[in-house]
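Working notes, structure below.
The values are calculated or read from the model by the stated rules, or taken from the named source; none is laboratory data. Keep in mind the model is a prediction, meaning the values are calculated, not measured. Cβ placement follows ideal geometry from the backbone for every residue including glycine, while neighbour counts extend to all protein chains displayed.
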Amino acid sequence: MTSGPPAARTDSYYGRPIIKAPSWAPHDIAGYFFLGGLAGAGSVLAAGAHLTGRPTTAKALKVSSLAAVSLSAAALIHDLGRPSRFPNMLRVFKPTSPMSMGSWLLSAYGPAAGAAALTSVTGLLPRAGASATAAAAVLGPVLATYTAVLAADTAVPAWHGAHRELPYLFAASATAAASGMALVTGPLRENTPARYGAVVAAVGEDAALRAAERRLGSVAVTYREGRAGRLMRAARALTAAGTAGAVLFGHRSRTAAATAGIALLAGSVCTRFGVFAAGIASAEDPAHTVGPQREAVARRTTLSQ
Amino acid sequence: MRDDLFSGPEPDPARDAGHQDAPERVGFFTDTSVCIGCKACEVACKEWNAIPEDGMSLTGMSYDNTGGLGASTWRHVAFVEQPVPAGRTELPVVEPDTRAEGEAADSGMRWLMSSDVCKHCTHAACLDVCPTGSLFRTEFGTVVVQEDICNGCGVCVPACPYGVIEQRPTDGRAFKCTLCYDRLGAGQEPACAKACPTESIQFGPLDELRERAALRVDQLHEAGVTEARLYGHAPDNGVGGDGAFFLLLDEPEVYGLPPDPVVTTRDLGAMWRHAGLAALSLAAGAALSFALPALTRTKGPR
């Protein structure tokens with residue numbers, strides 16, 4: 001080694017990142033992804049339970065959706081640089097901004113979820129409660145998947161590169177979380193749909209993640225290494241264990257069903273924090289910005305020849 | 001079909017943003033071949049815009065102790081120290097060459113210096129994703145943050161394909177170069193261009209700058225500096241052309257610039273479509289979870 005300043009690498013400016021990683025706190029924003037998913041998919045399962053005569057599960061999921069959406073809004077506000085200016089989010093209606101669309105969505109979904117939960121708990125205004133349940137179930141899936149656009153509509157290689165697959169991953173992860181919540185809170189005689197839901201979610205999540213990694217090419221390594229890799233492996237193990245537990249023992253034992261449900265919820269948390277960590281890792285390494293862009297240039301050059 | 005609103009050539013962004021009597025679009029042409037790394041632009045920018053200091057540390061990597069653009073650095077001079085590429089021609093800056101034979105030419109190293117700045121993209125991702133309308137397009141075609149609106153959501157930060165805009169930790173809001181919006185309004189050129197002693201930073205109407213830049217590249221190529229190339233000038237690039245573009249002497253990534261940046265909004269239609277389909281698949285999955293047990297129950301023994 002020679003002394004003196006390190007020579008500039010030819011593929012970057014002294015190894016410094018090219019794009020800036022978001023300064024979002026993981027527990028706020030990855031937490032927001034998870035809670036939005038739990039609330040949104042929970043409202044769908046709640047409506048299903050409501051319609052098919054599973055009142056205990058329906059009530060529990062409505063309450064958990066209200067709690068989750070309240071916490072998610074709190075997390076979003078907490079992460080602002082100027083929390084007192086949160087109302088500025090509703091200053092414009094801007095379809096090019098996923099954050100703007102999400103704010104409007106939250107302000108429509110939140111009251112619906114709130115009304116669904118309150119009428120269910122109090123037993124008052126059953127007809128209004130049914131409409132609120134239906135409204136929350138219509139908006140819920142969008143709440144669960146729009147956060148994927150929020151992440152993907154950036155220059156972050158691990159998120160933008162997977163912009164086609166990320167919404168499906170988030171939809172599956174949200175279904176896993178809501179199925180988990182239904183297993184934790186619902187009685188055995190009501191939990192069959194939640195067990196099916198867990199299977200659908202586990203299969204969907206695995207397929208979406210594989211498709212995303214195929215698409216990402218060299219950037220996929222950010223989902224396999226470091227903090228993101230540990231989280232994604234934990235997510236896979238927890239989701240698989242939770243699904244297996246739910247299918248095999250979820251209809252026999254209340255304890256088994258609740259344990260499986262907790263595993264599914266934890267798996268969904270790990271998936272969201274894992275995706276978040278992969279994005280940060282991909283933003284911090286200039287190779288993940290330069291590599292795919294060089295490939296795009298090369299493809300264009302080949303095409304034009 | 002490409003969505004012309006979100007990507008591709010866009011001749012008049014100011015008028016498209018609603019400025020009826022917009023003046024000519026202005027910008028920067030930064031000719032790094034004559035940059036001497038004096039950092040007068042960094043200082044002038046800090047002074048004029050009253051930007052706070054952002055760390056008095058030494059990077060230990062070169063004469064660049066600024067590091068990069070950020071919330072409190074709106075001009076950044078990069079110092080690239082690299083081995084002289086094979087077959088390189090000396091820049092015809094000083095003539096005739098009066099140095100002692102072989103004195104500096106044999107060091108085997110060269111410096112590239114470049115003053116980086118916000119690109120004021122034609123299709124600006126930061127502006128597109130801003131949920132409050134704080135980021136807006138000025139009548140000059142530039143992109144500016146309204147600090148009295150910004151609530152520090154931070155989504156513009158990862159949206160920028162150049163890593164320019166940033167939240168100031170002590171403040172929470174996002175900040176970046178305004179192309180001296182206040183000075184433009186008064187008919188003045190931006191502080192950095194005013195302070196540049198070598199005219200490396202040139203300010204003016206963008207069309208005129210593009211012509212001037214093309215001539216300069218030809219001139220350098222004729223002088224044997226074949227590695228000279230323009231960066232960000234083309235109206236059909238991934239961001240619809242940069243309002244601030246550069247003449248570089250090496251690959252963009254060597255200067256910390258992305259080789260092929262794309263405005264993320266180009267893919268927004270696909271993203272919303274997939275989010276919609278994913279939402280439908282979530283509903284379908286849930287419906288299946290309720291339908292299957294009902295079906296198996298009716299078929300199976302009671």
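Suppose we filter segment B:249-284 for residues that are of a type in the set (Lys, Arg) and touching a strand residue (DSSP E or B) at 6+ places or on another chain (Cβ under 8 Å); how many remain? Show your work before the answer.
Step one: list which residues in segment B:249-284 are of a type in the set (Lys, Arg), which gives B:266, B:273.
Next, only the ones that are touching a strand residue (DSSP E or B) at 6+ places or on another chain (Cβ under 8 Å) stay: none.
The number of residues fulfilling the criteria is 0.
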Determine whether segment A:36-57 contains at least one residue that is facing chain B (nearest Cβ under 7 Å) and either free of Cβ contacts under 8 Å to residues at least 60 places away in the same chain or closer than 27 Å to B:GLY269 by Cβ (or both).
yes
Restricted to segment A:73-84, and to residues that are small (Gly, Ala, Ser) and more than 7 Å from every other protein chain (Cβ to nearest Cβ), which residue is farthest from B:ASP171 (Cα to Cα)?
A:ALA73
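In segment A:164-174, is there at least one residue being surrounded by fewer than 24 Cβ atoms within 10 Å (Cβ to Cβ) and within 20 Å of A:ALA278 (Cα to Cα)? Quick ask: steps written out before the conclusion?
Within segment A:164-174, the subset surrounded by fewer than 24 Cβ atoms within 10 Å (Cβ to Cβ) is A:164-165.
Restricting the remaining residues to those that are within 20 Å of A:ALA278 (Cα to Cα) gives A:164-165.
Yes, some residue in segment A:164-174 is surrounded by fewer than 24 Cβ atoms within 10 Å (Cβ to Cβ) and within 20 Å of A:ALA278 (Cα to Cα).
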Within segment B:55-67, identify whether any single residue is modelled with pLDDT under 95, assigned by TED's automatic domain parsing to the domain that holds B:VAL225 and under 21 Å from B:CYS156 (Cα atoms), and answer yes or no.
yes
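From the list A:GLY274, A:GLY261, which residue is of a type outside the set (D, E, K, R), in a helix (DSSP H, G or I) and closer than 17 Å to A:TRP159 by Cβ?
Numbers: A:GLY261 fails: closer than 17 Å to A:TRP159 by Cβ.
Of A:GLY274, A:GLY261, the one residue that is of a type outside the set (D, E, K, R), in a helix (DSSP H, G or I) and closer than 17 Å to A:TRP159 by Cβ is A:GLY274.
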I'd like to know if segment B:168-188 contains one or more residues that are within 22 Å of the chain's Cα centre (by Cα), at the interface with chain A (Cβ under 7 Å from one of its Cβ atoms) and touching a residue at least 12 places away in the same chain (Cβ under 8 Å).
yes
If we scan segment A:221-242, do we find a residue that is in contact with a helix residue (DSSP H, G or I) (Cβ under 8 Å, 6 or more places away or on another chain), part of a loop (DSSP other than H, G, I, E, B) and of a type in the set (Gly, Ala, Ser)?
no
Select, from B:LEU215, B:LEU135, the only residue that is touching a Cys at 6+ places or on another chain (Cβ under 6 Å) and free of Cβ contacts under 8 Å to residues at least 40 places away in the same chain.
B:LEU135
Given (1) at the interface with chain B (Cβ under 7 Å from one of its Cβ atoms); (2) under 21 Å from the mean Cα position of the chain (by Cα), A:PRO17 misses just (2)
Scanning segment A:115-161 for residues that are under 30 Å from B:ALA159 (Cβ atoms) and not in a helix (DSSP H, G or I) gives A:ASP153, A:THR154, A:ALA155, A:VAL156, A:GLY161
Might you let me know whether segment B:231-252 holds any residue that is more than 30 Å from B:ARG110 (Cα to Cα), buried (at least 17 other Cβ atoms within 10 Å of the Cβ) and among the β-branched types (Val, Ile, Thr)?
yes
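Please determine, by comparing only the residues of segment B:217-228 that are among the aliphatic types (A, V, I, L, M) and more than 21 Å from the chain's Cα centre (by Cα), which one is nearest to the other protein chains (Cβ to nearest Cβ).
Quick first cut of segment B:217-228, residues among the aliphatic types (A, V, I, L, M) only: B:217, B:220, B:223, B:225, B:228.
Now drop any that are not more than 21 Å from the chain's Cα centre (by Cα), which leaves B:220, B:223, B:225.
Details: B:LEU220: 21, B:ALA223: 24, B:VAL225: 19 Å.
Of everything passing the filter in segment B:217-228, B:VAL225 is nearest to the other protein chains (Cβ to nearest Cβ).
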Out of B:THR198, B:THR138, which single residue is crowded, with 22+ Cβ neighbours inside 10 Å and at pLDDT 95 or above?
B:THR138
If you take the residues of segment B:253-272 that are out of contact with any Pro (no Cβ under 9 Å at 6 or more places or on another chain), part of a helix (DSSP H, G or I) and facing chain A (nearest Cβ under 9 Å), which of them is nearest to B:PRO190 (Cα to Cα)?
B:TYR255
From the list A:ARG164, A:ARG195, which residue is at pLDDT 95 or above, facing chain B (nearest Cβ under 9 Å) and outside any helix (DSSP H, G or I)?
A:ARG164
Qualifying position, being part of a loop (DSSP other than H, G, I, E, B) and farther than 20 Å from B:HIS120 by Cα, among B:ASP250, B:ASP218:
B:ASP250
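Quick one: how many residues across segment B:229-247 are in a loop (DSSP other than H, G, I, E, B) and more than 13 Å from chain A (Cβ to nearest Cβ)? Can you show your working first?
Start the filter on segment B:229-247 by keeping residues that are in a loop (DSSP other than H, G, I, E, B), which leaves B:232-243.
With the extra rule that they be more than 13 Å from chain A (Cβ to nearest Cβ), the set shrinks to B:232-233, B:235, B:240-243.
Of the residues in segment B:229-247, 7 are in a loop (DSSP other than H, G, I, E, B) and more than 13 Å from chain A (Cβ to nearest Cβ).
Residues are listed down the side, and each one gets a yes or a no for (1) at pLDDT 95 or above; (2) within 18 Å of the chain's Cα centre (by Cα); (3) surrounded by fewer than 17 Cβ atoms within 10 Å (Cβ to Cβ):
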{"position": "A:ASP206", "(1), (2), (3)": "yes, yes, yes"}
{"position": "A:GLU225", "(1), (2), (3)": "yes, no, yes"}
{"position": "A:GLY229", "(1), (2), (3)": "yes, yes, no"}
{"position": "A:GLY245", "(1), (2), (3)": "yes, no, no"}
{"position": "A:ALA258", "(1), (2), (3)": "yes, no, no"}
{"position": "A:VAL269", "(1), (2), (3)": "yes, yes, no"}
{"position": "A:ILE280", "(1), (2), (3)": "yes, yes, no"}
{"position": "A:VAL290", "(1), (2), (3)": "yes, no, no"}
Of all residues in segment A:85-130, which are more than 10 Å from chain B (Cβ to nearest Cβ) and among the β-branched types (Val, Ile, Thr)?
A:THR119, A:VAL121, A:THR122
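Within the bounds of segment B:31-47, is there any residue that is assigned to a strand (DSSP E or B) and surrounded by 21 or more Cβ atoms within 10 Å (Cβ to Cβ)? I'd like the intermediate steps shown before the answer.
Residues of segment B:31-47 that are assigned to a strand (DSSP E or B), as a first pass: B:31.
With surrounded by 21 or more Cβ atoms within 10 Å (Cβ to Cβ) added as a condition, the list becomes B:31.
Yes, some residue in segment B:31-47 is assigned to a strand (DSSP E or B) and surrounded by 21 or more Cβ atoms within 10 Å (Cβ to Cβ).
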What number of residues within segment B:157-200 satisfy the criterion of being under 18 Å from B:SER134 (Cα atoms) and among the hydrophobic types (A, V, I, L, M, F, W, C)?
10
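Does B:THR66 satisfy being out of contact with any Pro (no Cβ under 7 Å at 6 or more places or on another chain), β-branched (Val, Ile, Thr) and surrounded by 18 or more Cβ atoms within 10 Å (Cβ to Cβ)? Let's see the steps before the verdict.
Numbers: out of contact with any Pro (no Cβ under 7 Å at 6 or more places or on another chain): yes; β-branched (Val, Ile, Thr): yes; surrounded by 18 or more Cβ atoms within 10 Å (Cβ to Cβ): yes.
Here the answer is yes, as B:THR66 does meet what is asked.
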